[in-house]
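This report concerns only the one structure given below.
The values are calculated or read from the model by the stated rules, or taken from the named source; none is laboratory data. Only a predicted model underlies this, so the values are computations on that prediction, with no experimental measurement involved. Here the Cβ is made from the backbone with ideal geometry for all residues, glycine too, and neighbour counts use every protein chain on show. Remember, those area values only see protein heavy atoms, side chains included, never the ligands or the DNA or RNA. Shrake-Rupley method; radii C 1.70, N 1.55, O 1.52, S 1.80 Å.
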Amino acid sequence: MKQLRNTVIRAGLGALYFSGAYFLLRPIFSGVGAVFMLHHVRPGRDGDFQPNRHLEVTPDFLRTTLTHLRSHDIDIVTMDEVHDRLLNRKFARRFAAFTFDDGYRDNRDHALPVMREFGAPFTVFVTSDFAEGCGRLWWVALERTIAKAASIEVTMGGRAVRFDTTTAAGKQAAYDRVHDWLRSLQEHDLAREIGALCAQHGVDLAEICRDLCMSWDELKSFAGDPLVAIGAHTITHCNLAQQSEDMAREELTVSRARIEEELQRQVLHLCYPYGDRNAAGRREFALASSIGYKTGVTTRPGMMFAESAGHLTALPRVSLNGNYQQARVLPVLTSGAATAMWNGFRRVDAA
Ligand SMILES: [Zn+2]
């Protein structure tokens, strides 16, 4: 299904590009700016089985994107500036902000050098357990488990299901199925199931976390760079909408307090884990603003419009997705046509 969806999206982006339709849609849907969403930035890897490839772009593609924005005279700004421009209706120039989720070390090693070439500021949303070295990056753990296993077995809905994972296609099919199942579980069930899979196949969850994420010490010097701002991304990277209100509030306040204590700087911006409508909705948007976050970004696709000022803790983003790293998708993305198509041509989606 995922492959099919990717193909449809890619064909959609291509159709928009080749028909020139994005150019016609531009005056209506380009909005006033955009917040780009990224995760990993690192050189591409070989291998057929890369189910999380959508979460990574190469340094070259990041450079291509920044070059494109600069050539269109778009300001690259901080999230503070996004907040200010929306609130005070400063729309004389179009703007773009860059945000990186989770706190990966490659943001320092591969993204920062490219951002420096352009003097471009960016925000990294840190999950405090990830910086602590005890986070659960279960989607990576699942990838590594399936990569090394010839078969895996899980108990879905009380029934043991066995997946043959000898071929790349088998691995991808197993990953899609098990990933979607894990996403549907409550947090403690998810922890138990991925823990059991890791134990069976000799995958170390904590080691994955330390391998991929910056520690507090690393974040301290990273955050000292004038181009870098740090935002919050909860304590455990849980689905907030599944939590009780008290737990959700704790995830939002304690993570912020941890970052502020470790890095000695104020945290004003939030990113919702998973960030789709199943993980962040009205209750979470209201919580974030009552707790004092200036902005909250989701993974809902969309551009910024003047009306976004009324939904500062429910901002959409434009994904720089590793599956679509071609220069020709950039004018489509920045025209807003792609996200408009996705949203059924509604401008603001914050319910
Ligand atoms: Zn995340």
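Looking at the structure I just gave you, is Ala147 open to solvent by 30 Å² or more (accessible area, probe 1.4 Å) and in a helix (DSSP H, G or I)?
yes
Hey, any hits in the range 164-186 for a residue that's modelled with pLDDT of 95 or more, part of a strand (DSSP E or B), on the phi < 0 side of the Ramachandran plot and open to solvent by less than 40 Å² (accessible area, probe 1.4 Å)?
No, the range 164-186 has no match at all.
Determine whether Leu112 is open to solvent by less than 20 Å² (accessible area, probe 1.4 Å) and more than 16 Å from the ligand (Cβ to nearest atom).
yes
Quick one: which residue in Asn239, Asn278 is at pLDDT 95 or above and farther than 30 Å from His72 by Cα?
Only one candidate qualifies: Asn239.
Inside the range 150-159, can you point out the residues that are within 27 Å of Cys238 (Cβ to Cβ) and either acidic (Asp, Glu) or open to solvent by 40 Å² or more (accessible area, probe 1.4 Å) (or both)?
Glu153, Thr155, Gly157, Gly158, Arg159
Quick check on the range 89-107: of everything there that is open to solvent by 10 Å² or more (accessible area, probe 1.4 Å) and touching a His at 6+ places or on another chain (Cβ under 9 Å), which residue is nearest to the ligand (Cβ to nearest atom)?
Of everything passing the filter in the range 89-107, Asp106 is nearest to the ligand (Cβ to nearest atom).
Out of (1) at pLDDT below 95; (2) crowded, with 19+ Cβ neighbours inside 10 Å; (3) more than 14 Å from the ligand (Cβ to nearest atom); (4) of a type in the set (D, E, K, R), what's the single condition that is false for Arg258?
The one condition Arg258 does not meet is (1).
With respect to Arg85, determine if the residue is within 16 Å of the ligand (Cβ to nearest atom), surrounded by 18 or more Cβ atoms within 10 Å (Cβ to Cβ) and under 24 Å from Ala232 (Cα atoms).
No.
What number goes with the only condition from (1) within 16 Å of the ligand (Cβ to nearest atom); (2) modelled with pLDDT under 95 that Gly302 does not pass?
Going through the list (1) within 16 Å of the ligand (Cβ to nearest atom); (2) modelled with pLDDT under 95, Gly302 breaks only (1).
Could you please give the count of residues in the range 144-159 that are small (Gly, Ala, Ser) and in contact (Cβ under 8 Å) with a residue 12 or more places away in the chain?
Matching residues across the range 144-159 total 4.
Tell me yes or no: at least one residue of the range 205-214 is more than 16 Å from the ligand (Cβ to nearest atom), within 30 Å of Asp80 (Cα to Cα), modelled with pLDDT of 95 or more and loosely packed, with under 14 Cβ neighbours inside 10 Å.
Within the range 205-214 (the criterion being more than 16 Å from the ligand (Cβ to nearest atom), within 30 Å of Asp80 (Cα to Cα), modelled with pLDDT of 95 or more and loosely packed, with under 14 Cβ neighbours inside 10 Å), the answer is no, since none of the residues qualifies.
How many residues does the range 129-144 hold that are open to solvent by 60 Å² or more (accessible area, probe 1.4 Å), part of a helix (DSSP H, G or I) and either touching a His at 6+ places or on another chain (Cβ under 7 Å) or more than 15 Å from Gln50 (Cβ to Cβ) (or both)?
Final tally of qualifying residues: 1.
Here are the criteria: (1) small (Gly, Ala, Ser); (2) within 16 Å of the ligand (Cβ to nearest atom); (3) out of contact with any strand residue (DSSP E or B) (no Cβ under 8 Å at 6 or more places or on another chain). Tell me which single one Ala191 does not satisfy.
It is condition (2) that Ala191 fails.
Considering only residues that are out of contact with any Lys or Arg (no Cβ under 9 Å at 6 or more places or on another chain), over 25 Å from Asp129 (Cα atoms) and either within 15 Å of the ligand (Cβ to nearest atom) or open to solvent by less than 30 Å² (accessible area, probe 1.4 Å) (or both), which ones fall in the range 309-319?
The answer is Val318, and nothing else.
So, of the residues in the range 218-246 that are assigned to a helix (DSSP H, G or I) and of a type in the set (Asp, Glu), which turns out to be nearest to the chain's Cα centre (by Cα)?
Glu218
Let's see how each residue does on (1) touching a helix residue (DSSP H, G or I) at 6+ places or on another chain (Cβ under 9 Å); (2) free of Cβ contacts under 8 Å to residues at least 40 places away in the same chain; (3) away from the ligand (no atom under 16 Å from the Cβ); (4) on the phi > 0 side of the Ramachandran plot:
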site	(1), (2), (3), (4)
Ala229	yes, no, yes, no
Thr234	yes, no, no, yes
Gln242	yes, no, no, no
Ala248	yes, yes, no, no
Leu270	yes, no, no, no
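Within the bounds of the range 273-294, is there any residue that is polar (S, T, N, Q), within 16 Å of the ligand (Cβ to nearest atom) and either buried (at least 22 other Cβ atoms within 10 Å of the Cβ) or assigned to a helix (DSSP H, G or I) (or both)?
Taking every residue of the range 273-294 in turn, none turns out to be polar (S, T, N, Q), within 16 Å of the ligand (Cβ to nearest atom) and either buried (at least 22 other Cβ atoms within 10 Å of the Cβ) or assigned to a helix (DSSP H, G or I) (or both).
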